[in-house]
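See structure below.
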Amino acid sequence: MAYFETVNKIKYEGASSKNPLSFKYYNPEEVINGKTMEELLRFSVAYWHTFNADGSDPFGVGTAIRPWDRFTGLDQAKARVEAAFEFFGKLNVPFFAFHDVDIAPEGSTLKETNENQDVIVGMIKEYMKTSKTKLLWNTANMFTNPRYTHGAATSPNADVFAYSAAKVKKALEVAKELGSENYVFWGGREGYETLLNTNMQLEQDNLARFFHMAVDYAKEIGLNVPFLIEPKPKEPTKHQYDFDVATGIAFLQKYNLTDYFKFNIEANHATLAGHTFEHELHVARINGMLGSVDANQGDTLLGWDTDEFPTDLYTNTLAMYEILKNGGLGKGGLNFDAKVRRGSFEPEDLFHAHIAGMDAFAIGTKVANKLLEDKVLESFIEERYSSYTKGIGLEIVEGKTNFRELEAYALQLNEIKNQSGRTERLKAIINQYLLETLSSVTV
Ligand code: XLS
Ligand code: NI
Ligand code: NI
């Protein structure tokens with residue numbers, strides 16, 4: 001049975017197509033820098049936003065009634081799997097991602113919950129045999145159920161720590177069973193509300209203990225995939241422990257976890273942390289820890305995680321610049337951790353939203369690739385730092401000098417000459433590249 005009857009397989013038709021249900025810029029077969037767009041971008045559909053969310057917000061109930069909502073319990077979960085694979089096939093998307101609770105309902109006991117997981121995981125595995133869509137990552141939801149009110153691995157209650165361990169143990173087994181490419185840890189409620197009742201040191205030590213146990217268990221069951229921390233500075237807690245990439249790196253270093261973890265970087269989390277998306281990608285990249293991406297965007301007028309589909313060409317260009325400089329995302333991908341707006345409640349909107357995001361990233365990729373080919377920013381930056389390639393600068397970077405020598409050098413300097421950083425000129429160049437790329441793909 002079809003859940004998305006009004007939609008046929010989405011094909012690349014080019015920018016002049018008038019068919020709203022077609023790709024205008026994302027051509028999965030087009031080769032950019034030696035890889036097809038499909039291999040390079042590795043798009044993924046987020047189960048929770050696309051098959052579970054209903055548009056409800058703190059002021060109102062859901063607006064989106066989905067075709068699978070006429071079922072309940074396990075029957076609904078099964079209908080969701082059918083709908084999901086119909087959606088993946090029609091969108092022609094290579095990956096998907098889910099939380100444990102997205103795919104199967106929780107039972108009244110942990111045992112029952114695990115049994116529900118087994119039924120649906122078995123069904124997903126069957127569907128995956130005939131589908132090209134693979135699992136980019138899965139994760140355990142340890143924030144929705146009231147038991148996690150004070151956190152999961154950072155809860156003051158050891159029973160919650162144990163329960164959370166059981167959840168992740170199961171999720172790692174599921175990752176293995178479905179051949180997942182990665183495993184994600186988003187902090188959920190791992191953070192705190194007030195120091196008045198918080199032992200931060202114990203909570204962070206416990207979080208590290210939890211991660212080490214996860215690493216050990218993955219080794220034990222032969223699950224050899226990158227573990228990814230997804231930083232977020234706030235929401236739901238006021239202070240999330242995985243604030244941003246830099247904070248995450250310090251944590252991983254302190255607790256000897258850098259060999260096992262990379263980062264899953266979400267655009268809207270970057271902006272909540274007061275950074276740009278490209279800043280977070282850049283910090284991860286220069287530290288060799290760029291794992292995967294939750295592709296979405298926030299709203300400059302709103303201060304929370306609005307999880308919008310990423311349609312901003314400028315941001316996508318600068319993000320793809322980092323990703324291309326990283327040599328791609330390896331086993332990671334661009335996962336649309338994004339939801340349609342409450343007013344876009346028709347099933348067809350789920351396609352329009354993904355098409356918009358995929359096309360916008362395709363454009364960003366083309367612009368970024370051209371910028372890199374022409375070494376626009378690279379040449380400028382190389383020249384800007386050229387004082388470190390000769391003379392005193394070279395001695396500094398080669399560790400061949402010291403404060404005494406540098407003082408002697410400074411004393412004989414008559415004049416210090418700086419050069420302009422040319423910010424506005426560079427921004428104008430980016431605009432030029434954007435417009436040139438757009439006009440070249442439109443004719
Ligand atoms: C929430 C997070 C979440 C993770 C997966 O803000 O983005 O959706 O991606 O738990
Ligand atoms: Ni996310
Ligand atoms: Ni988010």
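Values computed for the structure shown
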read-out: Tabulated pairs, the range 174-188, first among the β-branched types (Val, Ile, Thr) and more than 16 Å from ligand 3 (Cβ to nearest atom), second modelled with pLDDT of 95 or more and in a helix (DSSP H, G or I), C-beta under 8 angstrom, 6+ apart or interchain; value: Val174/Asp100; Val174/Gln117; Val174/Val121
read-out: In the range 29-48, residue farthest from the chain's Cα centre (by Cα) [restricted to those that are among the hydrophobic types (A, V, I, L, M, F, W, C) and in a strand (DSSP E or B)]; value: Val31
read-out: Scan of the range 222-239 for residues that are within 12 Å of ligand 3 (Cβ to nearest atom) and more than 25 Å from Glu181 (Cβ to Cβ), ordered by number; value: Pro233, Lys234, Glu235, Pro236
read-out: Cβ-Cβ under 9 Å pairs, at least 6 apart or on other chains, the range 259-281 side within 15 Å of ligand 1 (Cβ to nearest atom), far side basic (Lys, Arg); value: Glu266/Lys232; Asn268/Lys232; His269/Lys232; Leu272/Lys232; Leu272/Lys234; Ala273/Lys232; Ala273/Lys234
read-out: Pairs where the first residue, in the range 394-423, is within 17 Å of Arg384 (Cα to Cα) and modelled with pLDDT of 95 or more and the second is part of a helix (DSSP H, G or I) and of a type in the set (Ser, Thr, Tyr), C-beta under 7 Å, 6+ apart; value: Leu394/Tyr388; Ile396/Tyr388; Val397/Tyr388
read-out: Filter result (free of Cβ contacts under 8 Å to residues at least 60 places away in the same chain and under 21 Å from the mean Cα position of the chain (by Cα)) within the range 142-169; value: Met142, Thr144, Val168
read-out: Phe361 vs. criteria surrounded by 12 or more Cβ atoms within 10 Å (Cβ to Cβ) and in a loop (DSSP other than H, G, I, E, B); value: no
read-out: Residue match in the range 301-314 (condition: in contact (Cβ under 8 Å) with a residue 40 or more places away in the chain and either part of a helix (DSSP H, G or I) or in contact with a Cys (Cβ under 7 Å, 6 or more places away or on another chain) (or both)); value: yes
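The values are calculated or read from the model by the stated rules, or taken from the named source; none is laboratory data. Every value quoted in this text rests on a predicted model; they were computed, and no experiment measured them. Cβ atoms come from the backbone with ideal geometry, glycine included; neighbour counts cover every protein chain shown.
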